[in-house]
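Inspection log for the structure reproduced underneath, given as structure tokens.
The values are calculated or read from the model by the stated rules, or taken from the named source; none is laboratory data. Treat the numbers as computed from the prediction; the structure is a model and nothing was measured. Neighbour counts run over all protein chains shown; Cβ positions are idealised from the backbone, glycine included.
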Amino acid sequence: MTSSNGIALYSYWRSSASYRVRMALNLKGLDYEIRPVHLVRDGGEQFGADYTRLNPQQLVPTLVDGQTVITQSMAMLEYLEETHPKPALLPADSAGRARVRAIAQAIACDIHPVNNLRVLKHLVTNLGLNEEQKLDWYRHWTETGLSALERMLATDEIDGRYCHGDSPTLADCCLLPQVYNAQRFNCDLSGLDRINRISDNLLDLPAVERATPENQPDAG
């Protein structure tokens, strides 16, 4: 399933991890091919033998660049930054890069993992939660995490249109997909003034708009 030419992204339209990589690819102006992996149809295409050989974790996304295969979205973001450094999605200074990574990891490591599809499915199928209990779980951890993130953004003196100043960074690539999912599950985002403002600013960018779930070839 690997390709000897160009960049391919194995993606699912509603996957927030896939969304963050699509944002990075678009912001860097890179050409790439979307290869959809449906996480629900036929029991989940990610469990197929061919895809499992490509990504042993049976997760999306997977990035293929020539003969290089990368799993884990945060590794992909760093790889794209190293191989295509312009336009930069990390600040030039060490403190700035650390701040952007801290914001990104607060989302990718603390909010997203407890709320992804396989966790929600386990809550229902194996632990017997009903739909409303599942949604309570999702909203609790998402609202808790985003509230903490709002405090992180407000505590630092760095301000601007995006998470770190006036240029999008890897932090923004993680933030917007999480906000999208929060809105989808009717989380309470009132009082998250900075997060809501940053999200609106990001959606004004054509590169970001092209990365949104509804604009993907497998949407629906």
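Data overview
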item	result
Residue within segment 148-168 that is on the phi < 0 side of the Ramachandran plot, in contact with a Phe, Trp or Tyr (Cβ under 7 Å, 6 or more places away or on another chain) and modelled with pLDDT of 95 or more present	yes
Residue in segment 136-175 that is farthest from residue 17 (Cα to Cα), counting only those that are part of a helix (DSSP H, G or I) and of a type in the set (Ser, Thr, Tyr)	155
Any hit, segment 15-27, residues being under 24 Å from residue 113 (Cβ atoms), in a loop (DSSP other than H, G, I, E, B) and over 14 Å from the mean Cα position of the chain (by Cα)	no
Residue count for segment 115-135, restricted to those that are under 14 Å from the mean Cα position of the chain (by Cα) and not in a loop (DSSP other than H, G, I, E, B)	2
Residues being among the charged types (D, E, K, R) and buried (at least 22 other Cβ atoms within 10 Å of the Cβ) - total across segment 11-41	2
Hey, residue 89 under 24 Å from residue 148 (Cα atoms) and in contact with a Lys or Arg (Cβ under 9 Å, 6 or more places away or on another chain) or not	yes
Failed item, numbered, when residue 190 is tested on (1) assigned to a helix (DSSP H, G or I); (2) out of contact with any Lys or Arg (no Cβ under 6 Å at 6 or more places or on another chain)	(1)
